[in-house]
Amino acid sequence: MDVGIIVPAAGSGQRLGGAVPKQYRLLAGTPVLVRVIRMLRAAFEDAAMVVAVDRSWQDHAEQLLAEYKGSLVVTEGGSTRQESVFRALQHPILAEAEIIVIHDAVRPFASVGLTHRVVEAARQYGAAVPVIPPADTVKLLDANGTIETTLPRGRVRLVQTPQAFRRSILLEAHQEAAEDRFEATDDASIVEYAGYPVVTVEGEMRNIKITTPLDWCLAEQIVQVGCT
Ligand code: CTP
Ligand code: MG
């Protein structure tokens, strides 16, 4: 299988709060992380997977994902998402992969179809991410919070995961970003920084990133009611 998968899952979920980091919380009885891994496993049956976790949750994560042992490894993440991904990317289990898929551990509603579309685009163009149009108008503020400019809404998009990249591009970009101490919140930004074009595919509205208590409430609704 020429697809390898990285799931950054080493965050502590400060904005959602609670005793258990959100990726381990039960959503209608099933941990969010398990939902994510099931979807990715359904998308790519034989792909090698690296799940980056906080050291204190490593045993727990390994137990949750025991059935995938063999093609899935749980590794120690870093203090930022970027560091977690960069560490995972250097794991030998991914060395043979041509295409790397990166998917947040807290986006349980991305579809198999979306994951396939992103990978196909990455095969063709080197780097691809799913995007959706924002519902609101987006402003750029100055340091005082005064509006500097209004971005043209027709060209503004919100970026999701799964994101997919040729492994060679992703590795080079992460190395360059680490050397320059360039910090970013997603992998597309790092690849852009390295000068590669990143194409977009149509994302999914229900592919929310569980970030705040409102998102958790919405996630429960999506699981129980569907919310299509
Ligand atoms: N992540 C990671 N390593 C970190 C920080 C984040 O692997 N050091 C992962 C999270 O576990 C999550 C994804 O990156 O799957 C997206 O991050 P985010 O939604 O910001 O999660 P948290 O950082 O856990 O939440 P918060 O920022 O509210 O603390
Ligand atoms: Mg975070």
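Observations, loosely collected:
- Coil-residue GluC sites (Glu not before Pro) of segment 87-149, DSSP, other Cβ within 10 Å capped at 12: 96
- 222 nm mean residue ellipticity, helices alone, for the chain (DSSP H n ≥ 4; -39,500 (n - 2.57); rounded to 500): -10000 deg cm²/dmol
- The modelled label-to-label distance between residue 156 and residue 62, using points 7 Å beyond Cα along the C-beta direction, is 4.6 nm.
- The residue 125 and residue 223 beta-carbon pair, evaluated with R₀ = 45 Å, returns a calculated FRET efficiency of approximately 0.85.
- Three-way shape call for segment 91-221 based on the alpha-carbon gyration tensor, with the a/c threshold at 1.5: oblate
- Stretched out straight at 0.36 nm per residue, the stretch from residue 69 to residue 38 would grow longer than its current Cα-Cα span by 9.8 nm.
- Using the Cβ-Cβ distance between residue 146 and residue 206 with R0 set to 30 Å, the FRET efficiency works out to roughly 0.30.
- With both labels modelled 7 Å from their Cα along Cα-to-Cβ, the residue 138 to residue 93 distance reads 3.4 nm.
- Gyration tensor (alpha-carbon) shape descriptor, segment 1-76, a/c threshold 1.5: prolate
- Prolate/oblate/rounded label for segment 1-147 (Cα gyration tensor, a/c 1.5): oblate
- Relative contact order for the chain, counting Cα pairs under 8 Å that sit 6 or more residues apart, in percent: 24 percent
- Rounded to 5, the percent of DSSP beta bridges in the chain classed as antiparallel: 40 percent
- Counting only residues at least eight positions apart within a chain, or on another chain, the lysines with an alpha carbon under 19 Å from that of residue 22 are 209.
- For segment 84-105, the residues whose backbone nitrogen is under 18 Å from a point 7 Å from the Cα of residue 12, taken along Cα to Cβ, are 84-85.
Each reported figure results from applying straightforward, stated rules to the coordinates on display, with no laboratory input. Owing to the predicted nature of the structure, the values given are computational and were not obtained by experimental measurement. Don't worry about glycine lacking a Cβ; one is built from the backbone with ideal geometry, like all the others, and counts go over all protein chains shown.
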